[in-house]
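Read-outs throughout are calculated quantities, based only on the coordinates presented, and are distinct from any laboratory measurement. Nothing here was measured: the structure is a model prediction, and the numbers come from that model. Virtual Cβ from ideal backbone geometry, glycine too; neighbours counted across all protein chains shown.
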Amino acid sequence: MGKMINKPLVLTYLYLLIYILLSSGVILYNKWVLSPKYFNFPFPITLTMIHMGFSGAVAFLLIRVFKVVAPVKMTFEIYATCVIPISAFFASSLWFGNTAYLHISVAFIQMLKALMPVATFVTAVMCGTDKLRCDVFSNMLVVSIGVVISSYGEIHFNIVGTAYQVTGIFAEALRLVLTQVLLQKKGLTLNPITSLYYIAPCSFVFLFVPWYLLEMQEMEVSQIQFNFWIFFSNAICALALNFSIFLVIGRTGAVTIRVAGVLKDWILIALSTVIFPESTITGLNIIGYAIALCGVVMYNYIKIKDVRASQTPSESIPERITKEWKLEKKSSDPFLPSKGSDNNGGRNGGNSPTADSSVDEEAPLIQSSRFYYTGRTQFNSHSK
């Protein structure tokens, strides 16, 4: 009996460890590649295009050649009105986020990323998908004050890098709200592989225009040596991160994902100061970030309380645990087109897209909490 209980637990912790390592690794790897002091490839749009091209190609092989996952029924109307705008904001968020690495440290970027719930909440309220609530608004205020204090304490504060990062955060928030509004209305469900299949090639095309205008000529002039293995391994890490999040979501809940995300941020901040000695952290940085994190934790608590309130009270606790365990098992394998593994857009009785603010910035095609809410609240079986 002990073995039966321990094995899933060990696997869960193993997946969480892989997720934290991959997520931290991808961020540090991107910084190393882009930084003029290290690998010196200061072309963030090119790097993002490599990721999109590689991810799209792998998704194409998995769907069309190996038939691991069935494609969804995609009409031209859905593609034009949903996939294209979502891809545009997705491409923008990655472009601006990667460009920030050229100007500011990884540690400071992680601190700025605490603004993600604020951006998502503001965007959702503006788009009318969420109501302005006093409890959530006060948390957003705490987060914002914390980030301002942290920015004030930043020694190497760079207005250009900060502007790029904040713009990237708001572009990602718009993408989250668009995903909720557009795809949900169409009843379209996408898992990580089908998301990459439809969105990655479209994002690649969007990135081509700024790449042509901003980076192509500069690349020709600078004659940078293109190291195939560096970029290939970098793209594989980014893709592996997408799948690791999917595995973690299948085995854990929103609380665990969020705790792991906070833990990852602290590890990243500490690691980045060791790997990149030029990024120094001040006491004011830490105080500001700690204040921001308090706001984020309280916000997460409110969101999880909302989800629990929307669960059917008639179910007994053993019934609910059994049901959740079955759903987790169904959704834990990304290579099975299971009912639980599709992104049903978080139809959870009034939960807003702000619930998706725990999305991982390096693998933003997958909304972690949205999978969690789908499994826990309203299980839809019309996916494939």
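General remarks:
- Descending by average beta-carbon neighbour count within 10 Å, the peptides 144-156, 285-297, 170-182, 46-58 line up as 170-182, 46-58, 285-297, 144-156, the highest first.
- Between the range 265-281 and the range 76-112, the alpha-carbon center distance in angstrom: 23
- Loop-resident sites, the range 186-278, for chymotrypsin sites (Phe, Trp or Tyr not before Pro), counting at most 11 other Cβ within 10 Å (DSSP): Phe226
- With R₀ set to 25 Å, the beta-carbon distance separating Val297 from Lys37 gives a calculated FRET efficiency near 0.15.
- Ordering of 267-275, 117-125 by packing is 117-125, 267-275, highest average first (other Cβ atoms within 10 Å, averaged per residue).
- Amide N of the range 33-70 lying under 19 Å from the label point, which is placed 7 angstrom from the Cα of Val209 along Cα→Cβ: 44-50, 52-53
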